[in-house]
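Shown next, in structure tokens, is the structure this report addresses.
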């Protein structure tokens, strides 16, 4: 019997002070990378999906951004 599954991990890259496009407050935003890996016997193998996003700490809204935009924000 083979045990397989998926593991999604969220990695915080940086905290930035930006103006939120949803609530229009200047607040801290969490820049994160979310990636998914298949697992066999609970051992992660390789990344099959990777996305970047920003989350406003004031209102909680979260939205995806492009990889290029994330790298520009990290600077």
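Quick rundown of the values:
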item: Matching residues, segment 50-66, being over 14 Å from residue 29 (Cβ atoms) and surrounded by 11 or more Cβ atoms within 10 Å (Cβ to Cβ); result: 50, 51
item: Leading residue by the ranking (nearest to residue 67 (Cα to Cα)) among those in segment 18-54 that are assigned to a strand (DSSP E or B) and without any contact (Cβ under 8 Å) to a residue 12 or more places away in the chain; result: 19
item: Options 68, 15: the member that is modelled with pLDDT of 95 or more and part of a helix (DSSP H, G or I); result: 68
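The values are calculated or read from the model by the stated rules, or taken from the named source; none is laboratory data. Just so you know, these numbers come straight off a predicted model, no measurement behind them. Reconstructed Cβ throughout: ideal geometry from the backbone, glycine too, with neighbour counts over all protein chains shown.
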